[in-house]
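Working notes for the structure below.
Each reported figure results from applying straightforward, stated rules to the coordinates on display, with no laboratory input. The model shown is predicted, which means the values in this text are computed figures rather than measured ones. Cβ: placed from backbone, ideal geometry, glycine included. Neighbour counts: every protein chain shown.
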Amino acid sequence: MQTSTLILLLLTLTAIAYQFGKRRSLAIVSGKVKKLHSLPGYYGYLTAIWCSVPALIIFGLWSAFESTIIAHLIVSNLPETLQSLSSSRLSLFINDIKNLANGGITSGEVDATIQSAANHYNNLRQISNAALTVLVLGTAIGCAAFAVKNISKEKRARNEVEFSVKIFLIISSTIAIFTTLGIVLSVLFEAIRFFKIVPITEFLFSTEWSPQMAIRADQVGSSGAFGSIPLFAGTLLITVIAMCIAVPIGLMSALYLTEYASPKFRTVAKPLLEILAGVPTVVYGFFAALTVAPMIRDYGAFLGLDVSSESALAAGVVMGIMIIPFVSSLSDDVINAVPQSLRDGAYGMGATKSETIRKVIIPAALPGIVGGVLLAVSRAIGETMIVVMAAGLAANLTANPLETVTTVTVQIVTLLVGDQEFDSPKTLAAFALGLILFMITLTLNFIALHIVRKYREQYD
Amino acid sequence: MSQSAPNAPNNSTASRVQAGLKKRYAQERRFRFYGVLAITLSLLFLSFLFFNISSKGYTAFQQTFIQIDVHFDENKIDPDGTRDSETLSSANYGGLIKSSLRSIFPDVKKRKDKKKLYKLLSPGATFQLREMVMNNPDLIGTTARIWVPADDDYDMLMKGHIDRTLPENERRLKDQDIAWFDHLIESNAVEKRFNLTFFTAGDSREPELAGIWGALVGSLLTLFITLIICFPLGVATAVYLEEFAPQNRWTDLIEVNINNLAAVPSIIFGLLGLAIFINVFHLPRSAPILGGLVLALMTLPTIIIASRTALKSVPPSIRQASLGIGASKMQTVMFHVLPLAMPGMLTGTIIGMAQALGETAPLLMIGMVAFIVDIPAGVTDPATVLPVQIFLWADSPERAFVEKTSAAIMVLLAFLIAMNSLAIFLRKRFEKRW
């Protein structure tokens, strides 16, 4: 039976179980609801929970381990010679078997062993499927029947239902922790494997980055160079350019919108600015690569400058545009949080609006603005699509914005798109870069949130 | 200072203020001007971006078709007259098209020129003929006048994207090619029509056959998975943290984690998907179920934060009233607080979904960049999504893909604008001020 049919069937059973539970509770007290501990609906919910949850758990566990167990069974059935293959060859062989069983293409010749193994695989899968169906439906019906049988006048159905809902709430709230844990572990483990091959000092302090590994040992440049400094320098360069665009424009927009603009103008202009933040980054990337970069190159040629067609300037400018609304809405919040009494005090002294802004509001809001800018920097560092499409791949260590640079995120994408071998430093390097990227953005966010929060407390 | 000001105008504070006033007002005006300038600049960027994309993309909604007379020669399609589908589907339809092209341009004799002539039409014309014959075998033996898509280079020429004034060796189409095409135009055999292929086809290496339907379906399947995972989880987390959680280290840890996850670069989630979901759990690569999972984890913080704000805005009096008449804590939350907070939660969810729809980077890591022609039929089929399709097309060298990319961006932006408008509408319609 197909998975979707099974799930649908289970849902139907759950709905039926709800009705059974409700009817049963009413039947026990012959329709006098007052005699029941909980409302009849709760007995229905309780039965439904008993019907679905254990069955779903079994289903989840089965699906998680099915492929591993079947693969193990197939291997144990293979001839001795094949069983002694190395693990990677063996997994390739198992893949072949699966492909053959699914009617796909195999990598090698189809001989009798693989054919019989494929048949065996199909057989096992059918058995497993049938067993799963029986087990899941059996559990569902059995548990539901047990729950219905247990219904009595005194049964505290509401408390039990509420308890299980609470358990669900608690489990949901831990997902955030598991996600962080998952990120840290996945990045960390692969990064550690990488640092076993390439020393961490070389990764952090060497200035040469060329991750291409030779296939044969005697080829020229057989070992790739994994010095990440040019990548971080490139990231920094593009981030600085982006900030040079985003901070003045974003900050001035926020100041104008909060201090000068009429409410009417604000209600129109603010959502329009927010649109800039809602445009997908891949659109900005396309815009940077096909419009801005050629424009800058042609303009540079007009001025007699030699501008690369994948210049850091193009990517930086477009990234800056993308971050404008981010800076502006964050500063908007902090500027609004400056108490009106400070402004009134300054006006009372005869200061003009701009003087009030420059001498009173900005100093008062400065920590918040700095926090916002730090958050924007962390966005710029982690931004991927614009740089993948508009910045280059060559790792140049340069501060010239007209040249091509590459960034951490570009390298992660280029190293991981396409074939991945998890035993080559080329693939693992992406995870090491990811680890550093994660740590940098985490630190920036932590500092920024800390500054913003501390500052808010002063006026609240 | 106020005493001396009116009497001694020359050396008083007021006069000093007066003297500097002009400069200060100028400064004020300048500052104000900078503010206006900043907003104008950002709005200019925005309009330039939209104008740039739509001016490049609007032509993709039309496509050039060429009219040819095709003789469905029985000897070529089905010499034995069996009419079984095997024979019909494997017949040489390309040959039919070639011969009808030759009959339009009888003076093209050289082998090399003929080869170029055949490139007038898209390879899709062959499939079109096959489909026609398969649907209606009675066509065999007759001659039909049909419209078939032109090759992308001629499509570009028709739309004016190929500059005829350039020297011949800098053009993709040579003088002879253009002359053939002009001959067709003169005989009214060329027409621009609405590009239905773009909305119904999957990806293709031939720009004139490529469409966004496959990517759109992939996007919808992925978003569906994202929604069913992160809406319940996000709302449940928010409810727990806002209504039930005790103030202790554990809940602090959860909150810190949520705030940090909201700011983690999206590409890191791609690394997570690759290392955990693919390498450990062996989920199918390139499948919407995997993409949906990764995007769900990425969107979760947005939804949690929005839902918490929505819950916070429900006044305590509602809770107290409910508790006061004897409802349990859970009943209060489920039947009174949650329905009132729902519009806010839905708004947050739609905004989160819009973010997920536009996200590209994490999906590159988990293999959704593959070249996929087929329309995905389920959540475990290999698929690509709209932003990734844009990325792939943007990388293609053909000029015709530029307009396809821009058109795909227009479709994507239309979806995003629709979603955000819905969110704004919901907020306006159901927002309650207490």
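By the count of neighbouring beta-carbon atoms within 10 Å, fewest first, B:VAL17, B:VAL333, A:VAL318 end up ordered B:VAL17, B:VAL333, A:VAL318. Look at B:TRP180, B:TRP393, B:TRP147 and count the other Cβ atoms within 10 Å of each Cβ; fewest to most, that gives B:TRP147, B:TRP180, B:TRP393. The calculated pair-distance distribution of chain A uses every alpha carbon pair, bins of 10 angstrom beginning at 0, and gives 4, 13, 16, 17, 17, 17, 11, 4, 1, 0 percent. Shape of chain B from its Cα gyration tensor (a ≥ b ≥ c, root eigenvalues): rounded if a/c is under 1.5, otherwise prolate when a/b > b/c, or oblate? In terms of gyration-tensor shape, oblate. Pairs from the list B:LYS114/B:LYS404; A:LYS34/B:LYS329; B:LYS76/B:LYS119; A:LYS32/A:LYS166 with a Cα-Cα gap above 24 Å: B:LYS114/B:LYS404; A:LYS32/A:LYS166. Considering only A:ILE238, A:GLY304, A:ILE323, the residue lying farthest towards the positive end of the dipole of the protein assembly as shown is A:ILE323, judged by Cα position with unit charges set on Cβ.
Taking only complete DSSP H runs, can you tell me which helices of chain B stretch 27 Å or more along their own long axis by Cα positions and average at least -1.0 on the Kyte-Doolittle scale?
On the way: long enough: B:13-57 (64 Å, 0.24); B:213-239 (38 Å, 2.07); B:288-312 (34 Å, 1.48); B:338-358 (29 Å, 1.22); B:399-430 (47 Å, 1.13).
The qualifying helices are B:13-57, B:213-239, B:288-312, B:338-358, B:399-430.
Using a Förster radius of 45 Å, what is the FRET efficiency between B:ARG172 and B:MET334 based on their Cβ-Cβ separation? Nearest 0.05, please. Could you put the intermediate results ahead of the total?
Details: r = 65 Å, r/R0 = 1.44.
Given R0 = 45 Å and the Cβ-Cβ separation, E is 0.10.
Here the Karplus curve 6.51 cos²θ - 1.76 cosθ + 1.60, taken at θ = phi - 60°, turns the phi angles of the range A:150-165 into couplings of 7, 5, 9, 4, 8, 4, 8, 5, 4, 4, 5, 4, 4, 4, 5, 4 Hz, with x standing for Gly and Pro.
Cβ crowding within 10 Å, taken as a proxy for footprinting-reagent exposure, orders A:MET243, B:MET134 from fewest neighbours to most as B:MET134, A:MET243. A simple spin-label model places the labels of A:ALA27 and B:ALA179 9.2 nm from each other, with each point 7 Å out along Cα-to-Cβ.
Panel values: the range A:3-155, Kirkwood radius from alpha carbon pairs, Stokes-Einstein at 37 °C and 0.692 mPa s, translational diffusion coefficient 178 µm²/s. Rg ratio for the range B:213-430: its Cα radius of gyration over 2.2 N^0.38 Å, N being its residue count, equals 1.16. For the range B:62-206, taking Cα atoms only, Rg and Dmax work out to 16.2, 53 Å respectively. Here the range A:180-289 has an Rg and Dmax of 22.4, 71 Å, counting Cα atoms alone.
For the pair A:ASN159 and A:LEU272, label points projected 7 Å from Cα toward Cβ lie 6.2 nm apart. P(r) tail, the range B:185-315: Cα-Cα pairs separated by more than 18 Å, 67% of all pairs.
Here r is the Cβ-Cβ distance between A:GLN340 and B:THR380 and R0 is 56 Å; the resulting FRET efficiency, rounded to 0.05, is 0.45. Extent along the principal axes, Cα only, for the range B:207-254: 61, 16, 10 Å, with the longest axis given first. Kindly identify the range B:361-414 as rounded, prolate or oblate by the Cα gyration tensor criterion: order the square roots of the eigenvalues as a ≥ b ≥ c, call it rounded if a/c is under 1.5, otherwise compare a/b with b/c, prolate if a/b is larger, else oblate. In terms of gyration-tensor shape, prolate.
To the nearest whole percent, what portion of all C-alpha pairs in the range A:225-459 is separated by more than 28 angstrom?
Details: 11008 of 27495 pairs.
The share of Cα pairs beyond 28 Å in the range A:225-459 comes to 40 percent.
If you model the protein assembly as shown as an ellipsoid using its alpha carbon gyration tensor, with each semi-axis the square root of five times an eigenvalue, the axes come out at 50, 46, 30 Å, biggest first. Structural size metrics of the range B:13-58, computed from C-alpha coordinates, are Rg and Dmax of 19.6, 65 Å. Among B:ALA321, B:ALA125, B:ALA60, the largest mean-square fluctuation in a Gaussian network model of chain B (Cα springs under 10 Å) belongs to B:ALA321.
Measuring r between the beta carbons of A:PHE265 and B:GLN320 and using R0 = 56 Å, the FRET efficiency lands at 0.85.
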